[in-house]
Amino acid sequence: MKKMLNHLLTLGIILAVVFAGIFIYQLKNKKNPEDLYRLESISRGNIEQSVAANGTINPVTLVNVGTQVSGTVKKLYVDFNDKVKKDQILLELEDKLFTAQIQQSVGNVKNNEASLELAKANEVRMRNLYEKEYASKQDLDAAVQARKSAEAQLLTSRAQLKRDQTNYNYSIIRSPVSGVIVDRTIDVGQTVAASFQTPTLFKIAQDLSKMQIDTSFAEADIGRIKVDQVAKFSVDAFPNKNFEGVVKQIRLNPTNTANVVTYDVVILVDNPKEILLPGMTAYVNITFAKHDEVLMVPNAALRYRPKNENNTYVASKKDDKHYDKKKEANDDFGAGKIYVLKDGKPQMVRVKTSITNGKYTEILAQELKEGDRVITSDMMSDKSGGSSASSGPNRPPRVF
């Protein structure tokens, strides 16, 4: 009996030591509430919201030079990047056919002039004979008709001569404007055919010191863009240089591609040094809202949702009046909620949200101030590679 009691006593001591060790271990490894969440501070600063799109830089006026007649290119007088003046000769087509047609038309004119002289003389003779009653009225009418027909034929042949001379002039292609040759599509010896559609031989930029960006913005963003807004953009050729332009036009004709509706926006750009070249890709950014010295929270804080949302901190009526006044001043404010640690647990605070730059969002909250820390995620979620946020990092915060 005594031996059994000793065994029980020993077992009790061992269990007591084990439980004491477990208790001490848990006490030492107990985490503070702050260690369970990722926290970030509310900051105060300036925030801008903008819309972005890609576009192509083009000359404001780009003239396509074509030809109205067909032929073979005989001479080229200009090349890429050449500066030209208005009415300057750009190229000549082979003119042998046009010259032959002119000579033929000249012969027809002379022949019809001779026919008209004969018809006039016959009319005079016939009129004299009719007055002396040696010819009938029918003979006189025939002579008059022959004279009129000869006059009509002369007019027709002269018109044909004028047309052939015009075609000959068209074989010499002249510049319609002063500018710079940005494209040439033909070479000497090449045949151009002006049948159903006028072929483009040259493209002339009238003024490279004034350029425009042709870009497309989604319908969700087009309501925020206004004429005369400043647009900032960059190009790959000068990655460290920022450029500015002004919105000139928002074209009303929509483009629907795969059920995505976009609108063309034209942006005017000054290019005094002519470093921006036609065809460059421009990465355009238009800022439509900017607020200075406002409270800002990370967008992750607005996306964070704890597993249990039973504990809720509700703003007071005084706060609601404060929000209403702000909302009257700015209709862009929406509703949102963020979480702060209170008594070791996440507590919800309702806030008013305004503009966002993709990383931070402006908020209004009477109960929050600069430096307060808000929850952006759970530490366990971060370690497991997941996130409690329901949207991507570049999405705007959800509105409730």
C-alpha center-to-center spacing [the stretch 206-284, the stretch 76-110] in angstrom: 40 Å
Cα-Cα P(r), the stretch 173-237, percent of pairs per 5 Å interval: 3, 10, 14, 16, 13, 11, 12, 10, 7, 3, 1
Lysine pairs in the stretch 95-170 with Cα atoms under 24 Å, if 8 or more residues apart or on separate chains: 11
Among 209-215, 75-81, 103-109, the order from most to least packed when residues are scored by Cβ within 10 Å on average: 209-215, 103-109, 75-81
Set of aspartates and glutamates near Lys345 by C-alpha distance (under 14 Å), chain-local residues within fewer than 8 positions excluded: Glu34, Asp35, Glu309, Asp378
When each of Lys241/Lys369; Lys74/Lys210; Lys273/Lys359; Lys307/Lys359 is checked by Cα-Cα distance, pairs over 29 Å: Lys241/Lys369; Lys74/Lys210; Lys273/Lys359
Share of pairwise Cα separations in the stretch 95-170, more than 14 Å, in percent: 64 percent
Protection proxy ranking, peptides 358-365, 58-65, 286-293, 129-136, average beta carbon neighbours within 10 Å, highest first: 358-365, 58-65, 286-293, 129-136
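Every read-out reported here was derived from the displayed coordinates using simple, explicitly stated rules and does not represent laboratory data. Please read all numbers here as calculations on a predicted model, not as lab measurements. Every residue, glycine as well, gets a Cβ built from its backbone with ideal geometry; the counts of neighbours run over all protein chains shown.
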